There are 2 protein chains.
Amino acid sequence: MDIKKTYSISELAKEFDVTTRSVRFYEDQGLLHPTRRGQTRIFSSKDRVRLKLILRGKRMGFSLSETKELFDLWDETLSGNEKQLLLMLDTLANKRAQLEQQKNDIAQAEMEMDTAEARCREALAELQKKKRQQKRATKEEPESIEQK
Amino acid sequence: MDIKKTYSISELAKEFDVTTRSVRFYEDQGLLHPTRRGQTRIFSSKDRVRLKLILRGKRMGFSLSETKELFDLWDETLSGNEKQLLLMLDTLANKRAQLEQQKNDIAQAEMEMDTAEARCREALAELQKKKRQQKRATKEEPESIEQK
DNA sequence: AAAATACTTTACGTTTACGTAAACTTTATC
DNA sequence: GATAAAGTTTACGTAAACGTAAAGTATTTT
C-alpha cells in the first residue's frame, strides 16, 4: 500500500506549493474529504493523491468541476454497477480525444516556436555582422576624419 | 501571401465558433486590432491568425494576458532591437519548458487512463461472466423449483 | 417607408478560483 | 499563564472571461 500516513493542511500546502485557502476550497467543492480530529482537518494519502491530480488537471486546463466529475465518476465506478462502468468508459474516451487535441495544439505550437526562434537567431546574426563591420571600419581609418 | 481577404466580426465568430462578444473582448484587451469602416470593425487575415492563436492558447491553458504578452513581444521583436530579440528567445525557452511539463502531464494522465480503462473492462467482464452463469443455471434446471 | 438584419457602445451581471481580513479555538513553547 | 503558532469559520473582495440586456446606428430587403 501507500505511505499510509496522514497529513495536516499546511503539510500538503507546502508540499504542493498551494495556499491552505486553496486546499480548504477544494474540500468545500467536494474534491477532498479530510476527516476531523476536533475541528482540525486530517488528510489521508488518498486526499494527497487527489490533490496532486487536481493540480495536474489545472495545468492541463481542467476546471475544478471537471476534475470533480471524474473523481465522482470513478468512485461510483468502484461500486461495480454496469451502467456506471459503461459511462466511465465513455467519459474516458472523451478525455482521450481531448488529450489528442491538446497534443496536436502543443505540436503546432512547438513548430511555430521553432520558426520564431530561427528568425530571432537570424536577426541577431545580422546585428552581429553589422557590429563587426563597424569595428573594421573604425580600424581601417583611425582618426582619418581629421586628415581631410 | 495569405488569402488577403478581410472579415466581418460575425464571419470570424462563425468560423471559430465563438461569440461576437468574445471577439470584441479580445480587441478590448488589445489582442486584435481591426480597422474601421465608419464604426464597423474590419478584421484582417492577420487578425484571423491571431484569433486562431488565441483559441489554441486557451485550449492549452494560456490566459489572454499571457497570449497578449507573446503577441506584443513578437511585434517588438520584428523591430529588430537586440534586447528585444534576446528577451524573445528567453521567453520562448520558458514556454518550451511549460510545454514539456504539459506533455509530461498528458503522458501521465494517459497512463492512468489506461489502467482505469483496464479495470473497467475487467469489472465488466466479471459482470458478464456472472450473467452467463445465471443463464446456465436457469437452463439446467428449468422449473426445477416446482419439482421439490 | 417600414421592417428586418447586422453592427455598435454602454454597462451591469455571472462564474471560477481563489485572496484577504476579522475574530475565534486549540495546541505547543517559553 | 502569557504568548506565539497553527488551525478554524465567516464573509466580503477580486481578476478573468465573458453573458446579457438596453438602446442606438447603418444597411439591406420587402
Residue that is outside the structural domain of A:LEU32 (by TED's automatic domain parsing), away from DNA strand C (no atom under 16 Å from the Cβ) and at negative phi, where the choices are A:LEU70, A:LEU92: A:LEU92
query: Can you tell which of A:ARG41, A:ARG56 is touching a Pro at 6+ places or on another chain (Cβ under 6 Å) and either open to solvent by less than 80 Å² (accessible area, probe 1.4 Å) or within 11 Å of DNA strand C (Cβ to nearest atom) (or both)?
result: A:ARG41
task: Identify the residue in the stretch A:74-106 that is surrounded by 15 or more Cβ atoms within 10 Å (Cβ to Cβ) and among the aliphatic types (A, V, I, L, M) and, among all such residues, is farthest from the other protein chains (Cβ to nearest Cβ).
output: A:LEU87
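Does B:ARG50 fit the bill of being open to solvent by less than 80 Å² (accessible area, probe 1.4 Å) and under 21 Å from the mean Cα position of the chain (by Cα)?
yes
For A:SER10, are the conditions met, namely being surrounded by fewer than 13 Cβ atoms within 10 Å (Cβ to Cβ) and closer than 24 Å to A:LYS103 by Cβ? Even if it seems obvious, please write down each step before you answer.
Details: surrounded by fewer than 13 Cβ atoms within 10 Å (Cβ to Cβ): yes; closer than 24 Å to A:LYS103 by Cβ: no.
Criteria not met by A:SER10.
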statement: Every listed condition ((1) within 12 Å of DNA strand D (Cβ to nearest atom); (2) of a type outside the set (Asp, Glu); (3) touching a helix residue (DSSP H, G or I) at 6+ places or on another chain (Cβ under 7 Å)) holds for B:LYS5 save (1)
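B:THR67 - would you say it is more than 30 Å from A:LEU89 (Cβ to Cβ) and either of a type outside the set (Gly, Ala, Ser) or at the interface with chain A (Cβ under 7 Å from one of its Cβ atoms) (or both)? Step through it out loud before you land on a result.
Numbers: more than 30 Å from A:LEU89 (Cβ to Cβ): yes; either of a type outside the set (Gly, Ala, Ser) or at the interface with chain A (Cβ under 7 Å from one of its Cβ atoms) (or both): yes.
The answer is yes for B:THR67.
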message: Considering only the stretch B:125-135, I want to know if a residue exists there that is open to solvent by less than 60 Å² (accessible area, probe 1.4 Å), in a helix (DSSP H, G or I) and not small (Gly, Ala, Ser).
response: yes
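For the stretch A:103-112, indicate whether the set of residues that are basic (Lys, Arg) and within 16 Å of the chain's Cα centre (by Cα) is non-empty.
Scanning the stretch A:103-112, I find at least one residue that is basic (Lys, Arg) and within 16 Å of the chain's Cα centre (by Cα), so the answer is yes.
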- prompt: Does B:LEU31 satisfy being within 12 Å of DNA strand D (Cβ to nearest atom) and open to solvent by less than 30 Å² (accessible area, probe 1.4 Å)?
  reply: yes
task: Confirm whether A:LYS5 is modelled with pLDDT of 95 or more and open to solvent by 90 Å² or more (accessible area, probe 1.4 Å).
output: no
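The values are calculated or read from the model by the stated rules, or taken from the named source; none is laboratory data. Keep in mind it's a predicted model, so treat the numbers as computed, not measured. Here Cβ is always computed from backbone atoms with ideal geometry, including for glycine, and neighbour counts include all displayed protein chains. For the accessible areas, the whole protein counts, side chains as well, though only heavy atoms, and no ligand, DNA or RNA atoms are used. Shrake-Rupley method; radii C 1.70, N 1.55, O 1.52, S 1.80 Å.
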